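Working notes, beginning with the structure itself.
Quick note: the coordinates plus some simple rules give every number you see, no bench work behind them. Because the structure is predicted, anything quoted here is derived from the model rather than measured. All Cβ positions, even for glycine, are placed from backbone atoms using ideal geometry, and neighbour counts span all protein chains on display.
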């Protein structure tokens, strides 16, 4: 990944360009059926996020939102490699993390729309997607905190001897907060079955991560401090992600302890709904838009002999599923106001006095 | 029946629950091999092993995160934050994560965990190791908050907290660790959300918590010699709050005093005063009076700390003044 210094309207910072050759990983040992499954996941995440974006633009979704457009390969690769009962800890940019565990689209969209049929009945919203039955133990909107919480789920699995592995996603900006360092040391000391996945999309929010981080690779360069190997991968290549994920999951499951993976990627849009992303140099954006996880994967599958028509069928199926989910979500009623007063406590209520 | 110190009662309560339920774990700094810096967890590591009694790094966020994630997935951890002042370095996990998770997920997640912590002043430890912070916790929806004042209550409330399916902040008072009291043999389980009338009286209601309960009782004895009959209530549990017991007493005596170790602004007594003003105003014979530490950080020198924490003398004077108003 080449760094070129580029001037642009928000000042100057080094551009980081994607890998030049997208054919390099064609020969990874991954079964054809798994590859098609990964492709379907990519399509689901892409088309869902586009729909979420459209609904924002129609002002049907309120509040803020953080989309994973351009970053789908990381969630798709991990989702494909994880065991059904493994745990996911997601970030506030967590639609993809959540969907990739098999959570249906309709309740997620309904949650964004604030409907009663939402995944959490409208009480969590875009940044807190949770589906315990799918192993998604929450999406967390305070940078760094959930790395510490993920350790707890991993500790519990270790104590219970369940063989479950916890996967915890976070962004590059998280590597500069204290909780990251507390969590990594803690996981390493207790050899917890947890995989930390840094989605390095090169910008913490509006600021280039390179500008405000003491090392070039914000996660991989910190791994040594916790006795872990530096693992830095192409986060836009779903095969690479899948293979790396499978290895890290196996290591954790067999008692080998935690991993820290830095997956380099790029978000196609801004940080959140409010951000047009103008702080990024034009050449950099164009290069990464071209190095799109779906584009490069379709090209690979074609090189490996998969008919384009077969891929188009998948794409069409997903489009139909997104449409149906949108209808189902929109048809949901608004939550009862009484539901604002439920589930503060385990007894289901919110009483604080007698 | 045995005489136990307050600190021994902490480990007795934890041991009772760990023996009863294999899901109960204990984690914190120096709690295992060293038995805790306040010696409240002595012997537990030997009794239950290093898997269930875990010595952690100085990483308060990691400690509480571990407790939270474990609670979400089938364990019932007790985490120690050594000094309650240190909640400030991990307050995010408490406030944004632990307290809100069940609500945000529409009840998908249950959070059965206890955070125990050494709270309060009187040990000359200065402004960063002496604060009373129950009111920080009381301000956050989703947290239960208890402060035992006797060894018996320590055991019973610890058991109740561990068995509760909600997060409970368990504030031990550092100034009470050496105090002793009778604790019967056998299993002891108390109830969250119940205040205790420590001394019945008819002229005034004095509410206190933790270290202040004993001072309120001493003040009541002194006032009794002057013919003022004070009812002293140990609030014990701030959330849930036993307003029935408190309001019944206040309505009967017509006079309400709170004795709060926290700095003045927004102490727990302010909330109770507001409830009393709202719900038994016409039974009051005088304005509600809060006796608190002034709104300052706690100084370290013994003479200074003694001068600013509510003392027996100050309670006596304020109650006397109020009753003769």
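State the extension gain, in nm to one decimal, for the chain segment bounded by residue B:20 and residue B:202, taking 0.36 nm per residue of separation less the distance between their alpha-carbons.
Taking 0.36 nm per residue and subtracting the Cα distance, the gain is 61.3 nm.
Rounded to whole Å and sorted largest first, what semi-axes of the equivalent ellipsoid does the C-alpha gyration tensor of region B:131-175 yield via the square root of 5 times each eigenvalue?
Taking √(5λ) for each Cα gyration eigenvalue gives 17, 16, 5 Å.
Please state the Cα pair-distance histogram of chain B with 10 angstrom bins from zero: what percent is in each bin?
P(r) for chain B, in whole percents per bin: 6, 27, 34, 23, 9, 1, 0.
Would you please state the base-10 log of I(q)/I(0) at q = 0.22, 0.29 1/Å for region B:241-295, with intensities from the Debye formula using one equal scatterer on every alpha carbon?
-0.78, -1.17
For labels at residue B:34 and residue B:300 in the simple 7 Å Cα→Cβ model, what's the distance in nm?
With each label placed 7 Å out from Cα toward Cβ, I get 1.9 nm.
So, R0 is 30 Å and r is the distance between the beta-carbons of residue A:274 and residue A:295; what FRET efficiency does that work out to, to 0.05?
Once rounded, the FRET efficiency stands at 0.60.
Give the Rg/Rh ratio for region B:1-97, taking Rg as the radius of gyration of the Cα atoms and Rh as the Kirkwood radius, to two decimals.
Ratio of gyration radius to Kirkwood radius for region B:1-97: 0.97.
Given 37 °C and 0.692 mPa s, compute D for chain A with the Stokes-Einstein relation, Rh being the Kirkwood radius over Cα pairs; round to the nearest whole µm²/s.
Rounded, D is 158 µm²/s.
Restricted to Cα positions, what overall size does region B:196-323 have along the principal axes? Three whole-Å values, descending.
That works out to 42, 34, 24 Å along the principal axes.
Assign one of three labels to region A:195-354, namely rounded, prolate or oblate, based on the Cα gyration tensor with a ≥ b ≥ c the square roots of its eigenvalues; rounded applies when a/c is under 1.5, prolate when it is not and a/b is larger than b/c, and oblate otherwise.
oblate
Please pull out the direction-averaged projected area of the protein assembly as shown, using the convex hull of its alpha-carbon atoms, in nm² to one decimal place.
Hull-based average projected area comes out at 32.2 nm².
Bin by bin, in steps of 5 Å, what percent of the Cα pairs in region A:77-160 do you find, going until the bin that has the longest distance?
Using 5 Å bins, I get a P(r) of 3, 17, 24, 25, 17, 9, 3, 1 for region A:77-160.
Direction-averaged shadow area of the convex hull around the Cα atoms of region A:169-226, nm²?
So the mean shadow area of the Cα hull is 3.8 nm².
Quickly work out the residue A:340-to-residue A:21 label distance, labels modelled 7 Å from Cα along the C-beta direction, and quote it in nm with one decimal.
Those two pseudo-labels are separated by 6.0 nm.
Hey, how many Å between the Cα centroid of region A:191-255 and the Cα centroid of region A:75-105?
A separation of 17 Å, based on Cα centres.
Would you kindly calculate the mean projected area, averaged across all directions, of the convex hull enclosing the Cα atoms of region A:127-222, in square nanometres?
If I average the Cα hull's projected area over directions, I get 6.4 nm².
Roughly speaking, what is the stretch gain from residue B:178 to residue B:320, that is 0.36 nm per residue apart minus the C-alpha to C-alpha distance, in nm to one decimal?
So the chain would gain 48.1 nm between residue B:178 and residue B:320.
From the Cα gyration tensor of region B:175-252, with a ≥ b ≥ c the square roots of its eigenvalues, which class applies: rounded if a/c is under 1.5, or else prolate if a/b is larger than b/c, or else oblate?
Judged from the Cα gyration tensor, region B:175-252 comes out oblate (a/c at least 1.5, b/c at or above a/b).
Only bridges whose two residues both fall in region B:2-183 count here: according to DSSP, what percent of them are antiparallel, nearest 5?
About 15 percent, rounded to the nearest 5.
Just to be sure I understand: of the beta bridges DSSP finds with both ends in chain B, what percent are antiparallel, rounded to 5?
Approximately 20 percent, going by the DSSP bridge assignments.
I need the calculated FRET efficiency for the pair residue A:351 and residue A:310, taking r as the beta carbon distance and R₀ as 41 Å, to the nearest 0.05.
For R0 = 41 Å, the calculated efficiency reads 0.10.
Looking at chain A, send over the antiparallel percent of its DSSP beta bridges, to the nearest 5.
The antiparallel fraction comes to roughly 25 percent.
Taking Rh as the Kirkwood radius computed over C-alpha pairs, what is the Stokes-Einstein D of region B:87-172 at 4 °C in a medium of viscosity 1.567 mPa s, expressed in µm² per second?
In µm²/s, the coefficient rounds to 94.
Report D for region A:281-354 in µm² per second (integer): Stokes-Einstein, Kirkwood Rh on Cα pairs, 37 °C, 0.692 mPa s.
Answer from the Stokes-Einstein relation: 188 µm²/s.
What percent do you get for the relative contact order of chain A when only Cα pairs under 8 Å and 6+ apart count?
For chain A, the relative contact order is 22 percent.
Just rank B:312, A:167, fewest to most, by other beta-carbon atoms within 10 angstrom.
B:312, A:167
In terms of the Cα gyration tensor, with a ≥ b ≥ c the square roots of its eigenvalues, is region B:111-256 rounded because a/c is under 1.5, prolate because a/b exceeds b/c, or oblate?
Prolate.
Which FRET efficiency value, to the nearest 0.05, is calculated for residue A:319 and residue A:225 with the Förster distance at 35 angstrom and r the Cβ-Cβ distance?
That gives a FRET efficiency of 0.15.
Give the share of C-alpha pairs in each 5 angstrom bin for region A:25-131, from 0 to the last occupied bin, in whole percents, shortest bins first.
With a bin width of 5 Å, the distribution comes to 2, 13, 22, 25, 17, 10, 6, 3, 2, 0.
State the percent of C-alpha pairs, over all pairs in region B:2-183, separated by a distance greater than 21 angstrom.
Percent of Cα pairs beyond 21 Å in region B:2-183: 43.
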